[in-house]
Each structure stands twice: as C-alpha cells, then as structure tokens.
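Each value in this text was obtained by applying a stated rule to the coordinates, not by laboratory testing. Keep in mind the model is a prediction, meaning the values are calculated, not measured. Heads up, the Cβs are rebuilt from the backbone with ideal geometry, glycines too, and the neighbour counts pull from every protein chain shown.
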Amino acid sequence: MYQILKQEGRAKRAQLETVHGTVQTPVFMNVGTAAAIKGAVATSDLEQIGTQVELSNTYHLHVRPGDKVVKQLGGLHRFMSWDKPILTDSGGFQVFSLAGLRKIKEEGVYFNSHVDGRKIFMGPEESMQIQSNLASTIAMAFDECAPSKADRNYVQLSVDRTARWLERCKKEMARLNGLEDTINRRQLLFGINQGAVYPDIRIEHAKRIAQMELDGYAVGGLAVGETHEEMYHILDEVVPFLPKDRPTYLMGVGTPANILEGVERGIDFFDCVYPTRNGRHGHLYTNHGKINLFNAKYELDDRPIEEGCGCPACKRYSRAYIRHLLKAKEMLGMRLCVLHNLYFYNTMMEEIRNALDEGRFAAYKKGKLEGMARGAEQE
C-alpha cells in the first residue's frame, strides 16, 4: 500500500496506493474545507492544476449540509464530483478552535455549533461515523489539539486521553468498514501525534501509537503559535519514532520554506490554507518570493504573475488586469490568484519529487529557498 521509492537522508520519495488512486509523495493537499476550495475553484480546476489530494473538514460538513445528507447523495466524491483521493480531518481542531464554550470529557467533547449555536457532541466514535458517511479516502483520528504553549501537566493528560481516543477510533473504524451499507469499506485511518513543544511527551506518544499498526501517522498541534525553529526541532525529535513503513503527515503546514524543511525531515503529506487565503487577498507566491498585487507599482504591469508559469492565470492575464479585478472586488480576481497559488504549491511538490528521484533534493532545496528569499518586491 505504501512504498518508499527513493531516500535522500531522511527525505522520502514514496507512493501510497488507495481505493481512489495512487498518491505520489511528498504531496500538498489542497484544502476544500466545506467540500469546495474557497475562491470559486471547481474540481475541474483542481484536475487542471495538478491536485492529487483534496482535503475536506469533518466538523464543517457535519454542521452543513450534514454528513448523513452527503451519504444519501453517494458520499463526498460523488457529491463534489471528484474521483481522486480525499482526506477528511477529524473535526478535533475545529472543535477546539471554533467552539467558544466546550466541555472536554473522557467520552468526547460537548460544544455549540459556530453556525447556529445548537448543542453538538463529538467523540471518537462520532468522528469516525461522520467520516464514514462522507466516505473519504483517508480519515483522521479524533484528538485534542492542545495549545503549543499549554502547561506541561495539561498536555500530558491531554495526550494520554488522545491515545485512548485513538484506540476507540481504530475499533469503530473496523466496525464501520465491515458494514454492508458503508460506501468506502477500504477507508484508511491515520493517527495523530500530539504533545505541544515537549519532545519527551511527543516521543512517548509516538512510540505508543506506532504499535497500533495504523495506515498512516500525522504530527499535529504544530504551526499553532510556536516558532518555526521549535517546529523543526519537534520534527527532528519525533519523526524517527514514527513507523518508517507508513506515510507521515504534518498537519496545517505551511509556507513553501516550511514544506521544504518538512520534506527534509521525512514528511510525506502537507496541507495549509495559506495559498488559498493569501490568494484571495492578492498575495501571490513566486519563485522569487511573494508579491502583493494591491501595490500601486503593478497598476500598469502587463507581465504575468510569474514568467514561465503554466497556471491558468499566468497563461492568459496580466498583473495589471488581475490587480484591477481585485480592486473592483470582482470574484474572478480572487479565483485567478487562488489558482496561481495552488498551481505554485502543486508544481513545487512535483519539483521536489523529481529532485528526490534524481538524488538532488539538497541542491534543489538550497536553490529554491535562495530564490524566494531574494524577494520579488525588489524586481
């Protein structure tokens, strides 16, 4: 199912076979929280810009339109007309970040919906049931994402509970995959390593969950307030204790530089809202750093966002035109910027895979970081 094709240091070039196709890693998953990429991007666009995996959110889809509605309509793939892999996150992060009033107990979490205030309970079994209804390719275990700077005692108690929740997730997933009316009976389960910025807690947790023989392992609870250096240190410490024969996923990360550093430390899967969120605000990624199209100097700039880029925006439109669309609040402006940013990320991952195939990742990483650091705003 998961096969390492090449290695350079800790960096892995691998592939994961799933019921919805084979994923070539390292890979960046394009974030479509409510079964759509923000910025009027269709699944046909995702095919055009080289997307391998789409990521949707368990909590948001449970609240609206409802996971049972999605199941009645044939599952998430059919619902959003996407036939490649989909990863659904467990809803845990949203429960802790969106729900102002919540009560964490051993059985799960009681909280109010951020949409209409109605009372919701979500525990390991409920998260697995929702994700089974969605019929995603990969389901994430239900966990608590404790703040990165939380008190050590609290983090230890939280991690212990997350480990117990994972055992319940695995048991419930096995039950669901055995039911006749389950849409995807080959749904995969990834566990999540937690422990804030405490390496010893994270290592112990990694050892514990590594014994559970899951389909993949994520490192969660990073990029939530700690420094980049702290994040890289945690990865240096923890990744070696996760199973080598399973994919590794760094959740919610990050910038192009973060991804390059993550790949070097053995990460296979990445996701982040940066390319879509920044795109909607006119902030664009290029090989020479980020540019902000709202800057006045682009008013008469008839060049594409980046020379030589093959994205739908760069192949046809100028910086000046896209800037005008953004200023006029035309949705097309956001759409073109989001398409460019996602294309940039997807293409960078392809370049990373090619560099690993050819044994030149270290050189590629150095050149990519130097190019982006020079800064496009000085061009």
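Can you give me the Cα centroid spacing of region 44-62 and region 75-144 in angstrom?
16
Enumerate the lysines that K105 could reach by cross-link, defined here as Cα to Cα under 16 Å, with residues fewer than 8 away along the same chain left out.
Straight-line reach from K105, under 16 Å: K119.
Measure nothing but the geometry: give the 0 to 90° angle between the long axis through the Cα atoms of 152-177 and the longest principal axis through the Cα atoms of the chain, rounded to 10°.
So the helix axis and the longest Cα principal axis differ by about 80 degrees.
P(r) of region 83-177 in 5 Å steps, Cα pairs, percent per bin?
Bin by bin from 0 Å, the calculated values are 2, 14, 23, 23, 19, 12, 5, 1, 0.
Would you kindly derive the ³J(HN,Hα) couplings of region 123-135 from the backbone phi angles with the Karplus curve 6.51 cos²θ - 1.76 cosθ + 1.60 (θ = phi - 60°), listing them in order in whole Hz, with x for Gly and Pro?
x, x, 5, 5, 4, 5, 5, 4, 5, 5, 4, 5, 6
Three principal axis extents, largest first, for the C-alpha atoms of the chain, in Å?
Rounded to whole Å, the extents work out to 60, 45, 39 Å.
Is the shape of region 1-154 best called rounded, prolate or oblate, per the rule: a/c under 1.5 gives rounded, else a/b larger than b/c gives prolate, else oblate, with a ≥ b ≥ c the square roots of the Cα gyration tensor eigenvalues?
Oblate, since a/c reaches 1.5 and b/c is not below a/b.
Below 8 Å between Cα atoms, with a sequence gap of 6+, how large is the relative contact order for the chain in percent?
Relative contact order, the chain: 17 percent.
Can you tell me the Rg and the Dmax, both Å, for the Cα atoms in region 279-373?
14.4, 47
In sequence order, what are the phi-derived ³J(HN,Hα) couplings for region 270-276 according to the Karplus relation 6.51 cos²θ - 1.76 cosθ + 1.60 with θ = phi - 60°, rounded to whole Hz, with x for glycine and proline?
9, 8, 6, 7, 3, x, 7
Please list, ordered by chain and number, the residues whose modelled amide H lies under 5 Å from the amide H of Y2; skip anything fewer than 5 residues away on the same chain.
E17
Give the Debye-formula value of log10 I(q)/I(0) at each listed q (0.16 Å⁻¹), with one equal scatterer per alpha carbon of region 232-332, two decimals each.
Once normalised to I(0) and log-transformed, intensities are -0.76.
May I ask you to list the lysines whose Cα is less than 17 Å away from that of K327, ignoring any residue fewer than eight positions away on the same chain?
Filter leaves K297.
What do you get for the angle between helix 199-210 and the principal long axis of the chain? Use alpha-carbon atoms, 0 to 90 degrees, nearest ten.
70
For N295 and E351, what is the calculated FRET efficiency with R₀ set at 25 Å and r taken between the beta-carbons, to the nearest 0.05?
0.35
Could you order peptides 270-283, 65-78 by the average number of other Cβ atoms within 10 Å of their residues, highest first?
Answer by packing, highest mean first, reads 270-283, 65-78.
Going down the list K290/K365; K68/K171; K6/K315; K38/K366, which pairs span over 23 Å between their C-alpha atoms?
Beyond 23 Å between Cα atoms: K6/K315; K38/K366.
Tell me, rounded to the nearest percent, the portion of alpha carbon pairs in region 68-132 spaced more than 19 Å apart.
Counting pairs separated by more than 19 Å, the tail of P(r) holds 42 percent.
Run lengths n ≥ 4 of DSSP H only: what is the helix-derived mean residue ellipticity at 222 nm for the chain, with -39500 (n - 2.57) per run over all residues, to the nearest 500?
-12500 deg cm²/dmol, from helical runs alone.
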